[in-house]
1. Report, by residue number, each residue of the range 27-57 that is out of contact with any Cys (no Cβ under 7 Å at 6 or more places or on another chain) and outside any helix (DSSP H, G or I).
2. What's the number of the only condition in (1) surrounded by 12 or more Cβ atoms within 10 Å (Cβ to Cβ); (2) over 18 Å from residue 3 (Cβ atoms) that residue 41 fails to meet?
3. Which one is modelled with the highest pLDDT, of the residues in the range 11-26 that are closer than 20 Å to residue 128 by Cβ and not in a helix (DSSP H, G or I)?
4. Scanning the range 9-38 for residues that are of a type in the set (D, E, K, R) and loosely packed, with under 14 Cβ neighbours inside 10 Å, which turns out farthest from the chain's Cα centre (by Cα)?
5. For the range 124-149, name all the residues that are in contact with a Ser or Thr (Cβ under 8 Å, 6 or more places away or on another chain), at pLDDT 75 or above and assigned to a loop (DSSP other than H, G, I, E, B).
6. Which of the residues spanning the range 68-84 are under 17 Å from the mean Cα position of the chain (by Cα) and aliphatic (A, V, I, L, M)?
7. Within the range 109-121, identify whether any single residue is modelled with pLDDT of 80 or more, assigned to a loop (DSSP other than H, G, I, E, B), surrounded by 10 or more Cβ atoms within 10 Å (Cβ to Cβ) and not charged (D, E, K, R), and answer yes or no.
8. Taking the range 58-87 only, how many residues are basic (Lys, Arg) and in a helix (DSSP H, G or I)?
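The values are calculated or read from the model by the stated rules, or taken from the named source; none is laboratory data. Remember, it's a predicted structure, so these values are computed and weren't measured experimentally. Heads up, the Cβs are rebuilt from the backbone with ideal geometry, glycines too, and the neighbour counts pull from every protein chain shown.
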Amino acid sequence: MKLSTRAEYGIRVLVALAKAEGAGPVSLTTVARTEKLPHAYLEQLVRDLRRAGLVTSTRGQSGGYCLARPAAEVSLVEAVRALDGPLLEMPCAGPDNLEVCARPQDCSVHDVFQKVHESLELTLGATSLAEIAKAVGGPPFPVAVRRRRSASARRAASVPTRTTSTPSAPSA
């Protein structure tokens, strides 16, 4: 599973709103500036988040967006589904979709993908916006910096660790 940019940016908007919980509506301009995200794209995402009942909007001079429920009651699984749809794009991945599969019996990979789905569901469902908002963090590194850091991490992981061996003493 790969989380889309929609899901990443949408979750970052929700976390920004969670951090401002109780302080009144937050403008998208403020969120876009602090999170270094494109304002026009956030407008599209917030529309979907409103339809899903995760955020509310207030018009006017001091208007903006707020979470529709307390941050502790909004899970990441709700956000991902609101922005990206189903967690796994498989006909039989979810417990409610087993009958959708056209095969007469479970295929060889059904059980493993069922476990993947359940694991994602549990992890994302158990993580609330309040938990993420408490974590230390800020705007991400620019893309070029992230790529360099990722590439150096991959190189470091692929370099075999060297073991130093001491030469053995000649036998007498």
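1. Pass one, the range 27-57, residues out of contact with any Cys (no Cβ under 7 Å at 6 or more places or on another chain): 27-54, 57.
27, 36, 37, 38, 52, 53, 54, 57 - these are the residues of the range 27-57 that are out of contact with any Cys (no Cβ under 7 Å at 6 or more places or on another chain) and outside any helix (DSSP H, G or I).
2. (2)
3. Initially, the range 11-26 is screened for residues closer than 20 Å to residue 128 by Cβ, giving 11-23, 26.
Next cut, not in a helix (DSSP H, G or I) only: 20-23, 26.
On the way: 20: 86, 21: 85, 22: 83, 23: 84, 26: 91.
Residue satisfying both the conditions and the ranking: 26.
4. By that ranking, first place goes to 33.
5. Passing the criteria: 126, 127.
6. Residues satisfying the conditions are 71, 72, 74, 76, 77, 79, 80, 82, 83.
7. Looking for residues that are modelled with pLDDT of 80 or more, assigned to a loop (DSSP other than H, G, I, E, B), surrounded by 10 or more Cβ atoms within 10 Å (Cβ to Cβ) and not charged (D, E, K, R), one finds none in the range 109-121, hence no.
8. Summing the residues that are basic (Lys, Arg) and in a helix (DSSP H, G or I) in the range 58-87 gives 1.
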